[in-house]
1. What does the charge add up to near Asn273, with Lys and Arg as +1, Asp and Glu as -1, over the other residues with Cβ less than 10 Å from its Cβ?
2. Could you pull out every one of the lysines with an alpha carbon less than 26 Å from that of Lys96, ignoring same-chain neighbours closer than 8 positions?
3. So, by mean Cβ neighbours within 10 angstrom, what's the order for 139-145, 483-489, 151-157 with the highest one leading?
4. Going toward the positive end of the dipole of the chain, with +1 on Lys and Arg Cβ and -1 on Asp and Glu Cβ, which of Thr448, Tyr151, Ser290 do you reach last?
5. Cα gyration tensor of the range 316-442, axes a ≥ b ≥ c as square roots of the eigenvalues: rounded (a/c below 1.5), prolate (a/b > b/c) or oblate?
6. For Cα pairs less than 8 Å apart in space and 6+ apart in sequence, what is the mean separation divided by the residue count of the range 1-60, i.e. the relative contact order in percent?
7. Quick one: Cα centre-to-centre distance for the range 46-99 and the range 441-501, in angstrom?
8. Just the number, please: percent antiparallel of the DSSP beta bridges in the chain, rounded to the nearest 5.
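The values are calculated or read from the model by the stated rules, or taken from the named source; none is laboratory data. Please read these numbers as outputs of a predicted model, since none were measured by experiment. Note that each Cβ is placed from the backbone with ideal geometry, even for glycine, and that neighbours are counted across all protein chains shown. Areas reflect the complete protein model, heavy atoms only, side chains present, ligands, DNA and RNA absent. Shrake-Rupley method; radii C 1.70, N 1.55, O 1.52, S 1.80 Å.
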Amino acid sequence: MAEPKVKYDRQLRIWGEKGQAALEKASICLLNCGPTGSETLKNLVLGGVGSITIVDGSKVEVGDLGNNFMVDESSVGQSKAECVCAFLQELNDAVKAKFIEEHPEELIETNPSFFSQFTLVIATQLVEDSMVKLDRICREANIILIFARSYGLMGLVRISVKEHTVIESKPDHFLDDLRLNDPWPELRRFAETVDLNTTDAVVHKHTPYIIILVKMAEEWANTHGGKLPSTREEKKQFKDLIKSKMITVDEENYKEAMEASFKVFSPQGIGPNLQKIINDSCSEVDSNSSDFWVMVAALKEFIASEGGGETPLEGSIPDMTSSTELYVNLQKTYQAKAETDFLVMEQRVKNLLKKINRDPASISKANIKSFCRNARKLAVCRYRLVEDEFNSPVQPELQKYLTDEDCGTAAGLYILLRAADRFAANYNKFPGQFDGEMDEDISRLKSTAVGLLNDLGCNGSAISEDLINEMCRYGASELHVVAAFVGGVASQEVIKLITRQFIPMSGTFIFNGIDHKSQLLLL
């Protein structure tokens, strides 16, 4: 009998069962279901989030048909939230979908507790004033918030959450945890059982490179006062030493050893990123600490004692040219050490939980195991309140962005979008929204932008006339192509935040559709 087809087969390969389960438990609230909001939610509904709630008080107008695929002619005059909700429900009947016909701004003002029922809120097309209020509400309720906005040919995405911790950060490039620069006793003993000077050509050709490097590093250290190669010249000599052991030119395992020789010189101990995390004040745990920080506290103790300055071993080895027997035994050596380290960590976690009066079994074995496997790659992301960024951005950074060749346009668009919101608060319309007032709007937007820059302490900075004209030309329109892109970026971040995998972006993301460039502004 054929296996039943798994519904989310492709994405399970990316974020696994655990990630998918987190998505299926999540409840998401979308504010405003114009093109940006609809596109963001479409990606999440197809991905299988648990439930969605759409909040939008507007009716479908003829203009909506040109930029939102989720409404059609028969929807004109009907509730936009209801039409989009029905369309999304059709895409995936496993998702619970509901809608509320109300303007998000009114909800933010009159019913702030409404938001605390959700895992995450996606706020689209909100102006600055509402962003600030909603951000405060979500921060207090500990709800993840993500802003997304399309404005003409530009887009903005910004995450806001007090703290987001990631165990499975899955970096693209990370050095294998092989400990070639400091093998533990069992690995050393295993290497001693292999003779590199064997005359058996088949055996010589099938000795895994890990063994070759452990033995060669030891040989080098014995003749160099116990030190490993450090200078460029020494590293070259070390490679030559490996090469001199080859019997024939086609020995793949020795070529692999030469290519991987840099793993012997990699610095011992933990990297600066992890050092920062274990030095964080949150690693002093109490009864309110999250599971993540309890495990970090245990890790700190482990590194200082049993680990001898290193994290628990990950326990996996890459593919390499080797005889099956040697490869399997090598793998077992790594797995055994990883298991020993895990058991020590598990005990330390239990002891810490007891100490802070929590159930010693409240952090599962599986979670501790995953933490040990990923200990070198942990990430902690913290986001400033939007209000703080708006009122006092990091001034030297902003000044630098505005004058920088690569970031200048993005920073200019960021300032102009904020100026457009100020403009709307003053004149009750967005710049360029109505025909025939273009010239007046351009000069008004310019003086609003100059006023904003002065308030932020960037008096000398100028924004190009072309950009100001462009911003007025947009007239606050939402273009489908930009909305689809911004929605794609926003939904990708939502998935990272909910699955707690990969590292969500920091700062304010600006998409510049004029040059097809994206920029992260850290303000």
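1. +3
2. Lys96 reaches Lys5, Lys7, Lys18, Lys25, Lys42, Lys59, Lys80, Lys496.
3. The densest-packed peptide leads the list: 151-157, 483-489, 139-145.
4. Value computed over the given set: Ser290.
5. Since a/c reaches 1.5 and a/b is larger than b/c, the shape of the range 316-442 is classed as prolate.
6. Relative contact order, the range 1-60: 39 percent.
7. Here the two parts' Cα centres lie 26 Å apart.
8. Looking only at bridges with both residues in the chain, the antiparallel portion is about 50 percent.
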